[in-house]
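> Please find one structure pasted underneath; my questions will follow.
The values are calculated or read from the model by the stated rules, or taken from the named source; none is laboratory data. If you're wondering where the values come from, they're calculated on a predicted model, not measured in any experiment. Positions of Cβ are backbone-derived with ideal geometry, glycine not excepted, and every protein chain shown enters the neighbour counts.
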Amino acid sequence: MAARVLVGVKRVIDYAVKIRVKPDNTGVVTDGVKHSMNPFCEIAVEEAVRLKEKKLVKEVVAVSCGPQQVQETIRTALAMGADRGIHVEVSGKDYDSLGPLQVSKILAALAKKEEASLIILGKQAIDDDCNQTGQMTAALLDWPQGTFASEVAVEGDKLKVIREVDGGLETIKINLPAVVTADLRLNTPRYATLPNIMKAKKKKITNVKPGDLGVDLTSRLEVLRVDEPPQRQAGVKVETVEDLVGKLKEAGRI
Amino acid sequence: TVIDLLTTFIHSFSPCLLALAMAVNYGTRSLTQLAELPELHQMLRQTCRDYAEKELAPVAGQLDKNHTFPAKQVRELGAMGVMAVEVPESLGGAGMDYLAYSLAVEELSRGCASTGVIVSVNNSLYLGPVLAFGTEEQKQQWISPFTTGEKVGCFALSEPGNGSDAGAASTLARQEGDEWVLNGTKAWITNCWDASAAVVFATTDKSLKHKGISAFLVPMPHPGLSLGKKEDKLGIRASSTANLILEDCRIPLGNLLGQRGMGFKIGMQTLDSGRIGIASQALGIAQAALDCAADYAHKRTAFGAPIARLQAIQFKLADMAVALESARLLTWKAAMLRDAKKPYSKAAAMAKLAASEAATFVSHQAIQVLGGMGYVTDMPAERHYRDARITEIYEGTSEIQRLVIANQVLKEYQQ
């Protein structure tokens with residue numbers, strides 16, 4: 001069966017933090033702000049570790065792209081049960097403009113280098129909400145993809161994936177090697193236990209540069225401006241239902 | 001004059017410089033740990049905080065109202081390794097240090113103070129003495145089953161007739177053949193109704209006064225051992241507190257912990273460590289109260305603006321934050337000294353005193369910031385106030401802590 005699983009983990013601003021836009025409107029404030037692992041990436045790590053516990057995979061490798069700080073995120077994955085980590089060093093302007101296209105190129109290159117036969121990612125990151133990396137990675141590798149997975153089952157050399165789609169649940173069967181992206185209901189991630197946190201200290205994290213993987217980090221996108229969402233306007237109170245209908249017609253809503 | 005000012009400045013600074021020198025003496029590692037915790041400890045703190053936020057805080061109110069022992073949570077914490085932080089991995093523990101333990105208890109207590117004390121008593125007061133004074137056999141029998149959260153232990157030192165006056169233990173233990181026979185009553189035993197074992201202190205030689213006290217390991221339940229009614233407490237109501245009644249309670253000779261007559265020493269040493277646990281619990285309660293008050297101050301408007309804009313509220317929050325942070329640093333220092341195997345009695349007593357008084361101060365002020373809302377059960381402030389109060393009493397009253405500290409200070413200036 002699949003020997004090696006690659007799990008992508010992204011360091012994002014913690015979901016509970018109130019986001020503030022930088023005064024120069026070039027982005028959001030990240031200095032001194034609490035960061036943690038993207039919640040969907042946590043679910044991806046949990047799924048990979050469960051596959052290992054069921055002895056369906058041999059090794060779980062956690063990957064993260066970014067500056068020195070992403071090592072904390074990789075170590076959290078190790079504390080959850082991943083076997084080793086790969087830190088792809090990206091910093092400064094390159095990190096600011098890092099997006100799904102570059103990350104998927106990196107993951108594709110790593111999958112080939114590490115001879116991985118399964119890649120599990122979160123369906124999207126909570127900072128950019130792109131929902132593209134999994135799909136792009138699969139396309140670059142020419143692998144099948146099972147996205148928005150709420151259930152993954154191994155059936156021989158195939159994967160049965162139940163996907164959460166607008167109309168309900170869709171069940172597909174895909175060949176390995178494959179890319180799977182995790183949706184909310186795939187599992188409930190475990191708390192890192194103290195013994196595992198201790199063990200994580202001894203697990204290896206290798207450093208790799210995008211250049212070593214032959215990946216060009218130039219972005220095809222340019223962020224022009226970042227603004228706060230418009231302030232919520234006060235509502236208007238009306239006396240009767242007729243008034244309400246009148247106002248809605250006025251506003252062109254009906 | 002400038003000279004006077006300079007002299008005052010240097011005089012007020014020299015204790016700090018001395019402390020700095022001492023801290024650097026213990027290694028730069030200790031100093032930077034006060035400024036920023038090592039990665040391992042940060043991860044541990046985060047995992048305990050996550051657990052407390054998701055699994056403890058939402059049910060703490062109910063647990064308190066119904067006086068329910070959080071059995072499910074204790075098992076989950078056992079699986080995480082938190083019920084036996086310092087116990088080596090070979091015996092089923094997490095094999096971490098006391099600073100890690102302090103962080104764990106603080107974060108968990110922030111979610112639920114009762115759960116915090118259950119964790120602390122199991123770690124410091126039950127596993128602590130067995131780890132420090134037990135034989136290899138005793139460790140296997142009395143430690144390993146108590147690391148998973150399936151079983152918890154308790155510590156029976158106080159009696160109806162003596163709390164602070166621990167040397168006056170009137171519970172008696174006599175040897176009869178190949179058994180010890182224990183008789184007496186122990187009071188205020190935390191975890192009592194939920195425990196599977198107790199460390200019990202009893203007098204084996206009354207003539208030797210406090211040097212005639214010994215420590216025993218007693219399984220629970222056991223013939224000759226019965227429990228008094230569960231106390232109806234002001235706070236930490238999810239943890240059970242009751243009397244332990246020993247009537248011709250027979251235990252094997254091998255259940256003696258340490259040497260005969262070593263009981264007082266075992267008790268005092270255990271409480272020294274336990275102090276750091278309770279200090280950590282008090283920090284958690286204080287933090288939860290501060291969280292509540294600061295959040296409320298942003299939201300509540302009065303006189304046309306959030307009350308956070310009022311200096312009266314700001315001064316309160318500042319005083320609360322300083323009390324909490326200084327107590328926290330004292331607690332971390334005590335834990336670090338213990339981890340470095342340096343004398344830590346004074347530091348532990350200072351930590352417990354500062355943290356417990358911070359907890360009562362902060363929770364008192366938190367209710368004040370919340371006004372009427374602080375007085376009702378809709379907000380957790382009243383529960384923090386009730387939970388905080390006991391921290392100034394158990395595991396050494398604030399008065400005893402002051403005696404311990406004064407004793408140490410006077411020793412330093414011995415004529």
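> If you go through the range B:110-126 one residue at a time, do you hit one that is more than 29 Å from B:Gln259 (Cα to Cα) and within 14 Å of chain A (Cβ to nearest Cβ)?
Checked against the condition, which is being more than 29 Å from B:Gln259 (Cα to Cα) and within 14 Å of chain A (Cβ to nearest Cβ), the range B:110-126 yields at least one hit.
> Which of the residues that make up the range B:57-90 are more than 12 Å from chain A (Cβ to nearest Cβ), closer than 24 Å to B:Cys192 by Cβ and part of a helix (DSSP H, G or I)?
B:Val59, B:Ala60, B:Gly61, B:Gln62, B:Leu63, B:Asp64, B:Lys65, B:Asn66, B:Ala71, B:Lys72, B:Val74, B:Arg75
> Consider B:Glu53 carefully, then state whether it is more than 25 Å from B:Leu234 (Cβ to Cβ), within 13 Å of chain A (Cβ to nearest Cβ), modelled with pLDDT of 95 or more and over 20 Å from the mean Cα position of the chain (by Cα).
Answer is yes for this residue.
> Taking the residues in the range A:205-235 that are in contact with a helix residue (DSSP H, G or I) (Cβ under 7 Å, 6 or more places away or on another chain) and surrounded by fewer than 13 Cβ atoms within 10 Å (Cβ to Cβ) as candidates, determine which candidate is nearest to the other protein chains (Cβ to nearest Cβ).
Among those that are in contact with a helix residue (DSSP H, G or I) (Cβ under 7 Å, 6 or more places away or on another chain) and surrounded by fewer than 13 Cβ atoms within 10 Å (Cβ to Cβ), it is A:Gly214.
> Enumerate the pairs (first residue in the range B:50-63 and crowded, with 19+ Cβ neighbours inside 10 Å; second residue anywhere and of a type in the set (A, V, I, L, M) and not in a helix (DSSP H, G or I)) with beta-carbon separation below 6 Å, excluding pairs fewer than 6 apart on the same chain, so at least 6 apart or on different chains.
From the range B:50-63, the pairs are B:Leu63/B:Ala238.
> Just a yes or no: is a residue in the range B:192-201 surrounded by 21 or more Cβ atoms within 10 Å (Cβ to Cβ), closer than 16 Å to B:Gly167 by Cα and without any contact (Cβ under 8 Å) to a residue 60 or more places away in the chain?
Looking for residues that are surrounded by 21 or more Cβ atoms within 10 Å (Cβ to Cβ), closer than 16 Å to B:Gly167 by Cα and without any contact (Cβ under 8 Å) to a residue 60 or more places away in the chain, one finds at least one in the range B:192-201, hence yes.
> Check A:Ala125, A:Ala149 and return the single one that is within 30 Å of A:Thr30 (Cα to Cα) and either of a type in the set (D, E, K, R) or out of contact with any Phe, Trp or Tyr (no Cβ under 7 Å at 6 or more places or on another chain) (or both).
Unique residue meeting the criteria: A:Ala125.
> Does A:Arg185 satisfy the criteria of being touching an Asp or Glu at 6+ places or on another chain (Cβ under 8 Å) and not in a strand (DSSP E or B)?
Yes, satisfied.
> Could I ask something else about it? Among what's in the range A:10-38 and is within 13 Å of another protein chain (Cβ to nearest Cβ) and outside any loop (DSSP other than H, G, I, E, B), pick the residue that is surrounded by the most Cβ atoms within 10 Å (Cβ to Cβ).
The extreme case among them is A:Met37.
> Something else about it: Within the bounds of the range B:222-244, is there any residue that is among the hydroxyl-bearing types (Ser, Thr, Tyr), in contact with a strand residue (DSSP E or B) (Cβ under 7 Å, 6 or more places away or on another chain), closer than 30 Å to B:Ala60 by Cα and surrounded by fewer than 22 Cβ atoms within 10 Å (Cβ to Cβ)?
Scanning the range B:222-244 turns up at least one residue that is among the hydroxyl-bearing types (Ser, Thr, Tyr), in contact with a strand residue (DSSP E or B) (Cβ under 7 Å, 6 or more places away or on another chain), closer than 30 Å to B:Ala60 by Cα and surrounded by fewer than 22 Cβ atoms within 10 Å (Cβ to Cβ).
> Next question, about the same structure. I need the full set of residues from the range A:181-204 which are more than 12 Å from chain B (Cβ to nearest Cβ) and buried (at least 17 other Cβ atoms within 10 Å of the Cβ), in order please.
Correct list: A:Thr181, A:Ala182, A:Asp183, A:Leu186, A:Asn187, A:Lys203.
> Something else about it: Identify all residues within the range A:55-81 that are over 17 Å from A:Thr30 (Cα atoms), in a loop (DSSP other than H, G, I, E, B) and within 14 Å of chain B (Cβ to nearest Cβ); write none if there are none.
Within the range A:55-81, A:Gly81 is the sole residue that qualifies.
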